[in-house]
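Below is one structure, written out as structure tokens, with a few remarks after it.
The values are calculated or read from the model by the stated rules, or taken from the named source; none is laboratory data. Keep in mind the model is a prediction, meaning the values are calculated, not measured. All Cβ positions, even for glycine, are placed from backbone atoms using ideal geometry, and neighbour counts span all protein chains on display. Note: accessible area is taken over every heavy atom of the protein model, side chains too, but ligands, DNA and RNA are not part of it. Shrake-Rupley method; radii C 1.70, N 1.55, O 1.52, S 1.80 Å.
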Amino acid sequence: MKRAEEFFTPEERERVRAAVAKAEGSTSGEIATMVVDASDSYREAEILGAVLLSGLLSVILAVAIHHVTIWSYIPLVVLLYFPCWYLFRLVPRLKLPFAGGRRVVEAVRERAVRAFYEKGLYLTREETGILIFISLLERKVWILGDRGINERIDPHFWRELAAQLARGLREGRACDALCSVVAGCGAELARHFPHRADDVNELQDEILTERSSS
């Protein structure tokens, strides 16, 4: 899996930056995009997966050597746990089935909310900041608007755009999908928050990235 900082090529980054600048040209709203490696380390899923996998492999080995007793099984589980644990650390996507769908969705939502405040999107003059948040490990997207936006725009609209972008990620057309979603955000923001003569660009247009701790 590509890291967040290299997920988009320099040319694609420039396309996204230009799309954000264009979208903001017709609205006083502020759009930020962010990509992270993962929204959580899923430590509990890592441990559970390693325990179950080492247990399964131990059964297979014990049967193969025709010596299935508790005294042979337990040492095998302990011996195989650490290679299995390392496998889950090496291939993080293996953790997701052991984390569970609800846990994954909640992790992405919480990480998006944290990013919203960490990056200062709540500090815009009219409370019209919006974050398009992409979490690569989970291949999930969360679009989060500030209070000024949520008072006028139905959150269902953002969920539809998030689903559109997530679909683009899965289909391998992330840049095109992100530019399209940015344009959709800009068009909707322009309806409710038209551009003002004294408007200033309060958030950077470049894609924000941040590596997660593994």
What the 5 Å binned alpha carbon P(r) of the stretch 156-214 shows, as percent of pairs per bin from 0, is 4, 15, 17, 22, 20, 12, 7, 3, 1, 0
In deg cm²/dmol, rounded to the nearest 500, the helical mean residue ellipticity at 222 nm of the chain, built from -39500 (n - 2.57) for every DSSP H run of length 4 or more, is -18500 deg cm²/dmol
What is the gain in length, in nm to one decimal, between residue 89 and residue 152 on full extension, counting 0.36 nm per residue of separation less the C-alpha to C-alpha distance?
18.4 nm
At 1.4 Å probe radius, can you tell me the per residue accessible area of the stretch 62-201 in Å²?
56 Å²
If you filter the stretch 153-208 for trypsin sites (Lys or Arg not before Pro), then keep DSSP loop positions with at most 16 other Cβ within 10 Å, what is left?
173, 196
Label residue 204 and residue 17 with points 7 Å out from Cα along Cα→Cβ: what is the distance between them in nm?
1.0 nm
Please give the charge dipole size of the stretch 68-214, origin at the Cα centre, charges +1 on K and R Cβ atoms and -1 on D and E Cβ atoms. Round to the nearest 20 debye.
860 debye
What helices in the chain pass both tests, a Cα length along the helix axis of 15 Å or more and a mean Kyte hydropathy of 1.0 or higher, using whole DSSP H runs?
43-64, 70-90
From Cα pairs below 8 angstrom and at least 6 apart in sequence, can you work out the relative contact order of the chain, rounded to a whole percent?
40 percent
Span from the the stretch 6-85 Cα centroid across to the the stretch 162-184 one, whole angstrom:
22 Å
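Rounded to a whole number, what % of the accessible area of the chain do carbon and sulfur atoms account for, probe 1.4 Å?
Here it works out to 59 percent.
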Between residue 192 and residue 1, the FRET efficiency computed from the C-beta separation at R0 = 30 Å comes out, to the nearest 0.05, as 0.25
Rounded to whole Å, √(5λ) for the Cα gyration tensor eigenvalues of the chain, largest first, gives 45, 15, 13
Charge dipole of the chain about the Cα centre (unit charges at C-beta), most positive-ward option of 39, 116, 8:
39
Testing the spin-label approximation: label points 7 Å from Cα along Cα→Cβ at residue 159 and residue 125. State their distance in nm.
3.4 nm
